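Novice: Sharing a structure with you now.
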């Protein structure tokens, strides 16, 4: 192949990449719900999420506008494997501690988090969005957050992509529940 043909092939590949990136950018601007662009409903979403966290197990009817979340895990919690949760927690250990009196790291210490108030771990600098979210960490709220933190609460500092498998979320929540002197009753 001569250099002219190679240059044409490289230019075509480069052009295809630029077109794909531009299309994605324009799509996010036109349809913010699919791409996370800026839109006026941000405050409404926070109210829906706050109401959802307060309600515990059932999302309010207005939550239909909120992002689709994970399947419920209440039925999985009673039989969830705490040891598997401990193993899964290794993904979290770089940023969080779970032991009693454990330090804050990049994220807050998680000892006693199940049933505790949101944004309530002493000495941790929570995001403004997290500080504004009322309520406590119910089983359902933790399930939603662990599924996809940024979808649960835009503006969270949590960079973790989330846990897609319901069994993994149930196991890690069961493990976190066990890390408490007085574990929260199961739903």
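The values are calculated or read from the model by the stated rules, or taken from the named source; none is laboratory data. Since the structure is predicted, the reported quantities are computational estimates derived from the model, not experimental observations. Cβ: placed from backbone, ideal geometry, glycine included. Neighbour counts: every protein chain shown.
Novice: Are any of the residues in region 119-127 over 25 Å from residue 165 (Cβ atoms), within 15 Å of the chain's Cα centre (by Cα) and surrounded by fewer than 17 Cβ atoms within 10 Å (Cβ to Cβ)? Spell out the reasoning first.
Specialist: First pass over region 119-127, keeping only residues over 25 Å from residue 165 (Cβ atoms): 119-127.
From what's left, within 15 Å of the chain's Cα centre (by Cα): 119, 126-127.
Of the ones still in play, those that are also surrounded by fewer than 17 Cβ atoms within 10 Å (Cβ to Cβ) are 127.
Yes, because at least one residue in region 119-127 is over 25 Å from residue 165 (Cβ atoms), within 15 Å of the chain's Cα centre (by Cα) and surrounded by fewer than 17 Cβ atoms within 10 Å (Cβ to Cβ).
Novice: Go through (1) at pLDDT 95 or above; (2) under 14 Å from the mean Cα position of the chain (by Cα) and name the single condition residue 82 misses.
Specialist: Of (1) at pLDDT 95 or above; (2) under 14 Å from the mean Cα position of the chain (by Cα), only one is false for residue 82: (2).
Novice: Follow-up. Is it the case that some residue within region 166-181 is over 20 Å from residue 100 (Cα atoms), in the same structural domain as residue 85 (by TED's automatic domain parsing) and free of Cβ contacts under 8 Å to residues at least 40 places away in the same chain?
Specialist: Within region 166-181 (the criterion being over 20 Å from residue 100 (Cα atoms), in the same structural domain as residue 85 (by TED's automatic domain parsing) and free of Cβ contacts under 8 Å to residues at least 40 places away in the same chain), the answer is no, since none of the residues qualifies.
Novice: Oh, and also: Assess whether residue 75 counts as being closer than 15 Å to residue 143 by Cα and either out of contact with any strand residue (DSSP E or B) (no Cβ under 7 Å at 6 or more places or on another chain) or not in a loop (DSSP other than H, G, I, E, B) (or both).
Specialist: Criteria met by residue 75.
Novice: Take the residues in region 85-123 that are in a helix (DSSP H, G or I) and out of contact with any helix residue (DSSP H, G or I) (no Cβ under 7 Å at 6 or more places or on another chain); name whichever of them is modelled with the lowest pLDDT.
Specialist: 91
Novice: Sticking with this structure for a sec: List, please: which pairs have Cβ atoms under 6 Å, are six or more places apart or on different chains, and start with a residue in region 115-132 that is free of Cβ contacts under 8 Å to residues at least 40 places away in the same chain and end with one that is exposed (fewer than 15 other Cβ atoms within 10 Å of the Cβ) and not in a loop (DSSP other than H, G, I, E, B)?
Specialist: 119/131
Novice: Another question, if that's okay. Could we say that residue 150 is at pLDDT below 95, in the same structural domain as residue 72 (by TED's automatic domain parsing), in a loop (DSSP other than H, G, I, E, B) and under 16 Å from the mean Cα position of the chain (by Cα) here?
Specialist: Taking the combined requirement at face value, the residue does not satisfy it.
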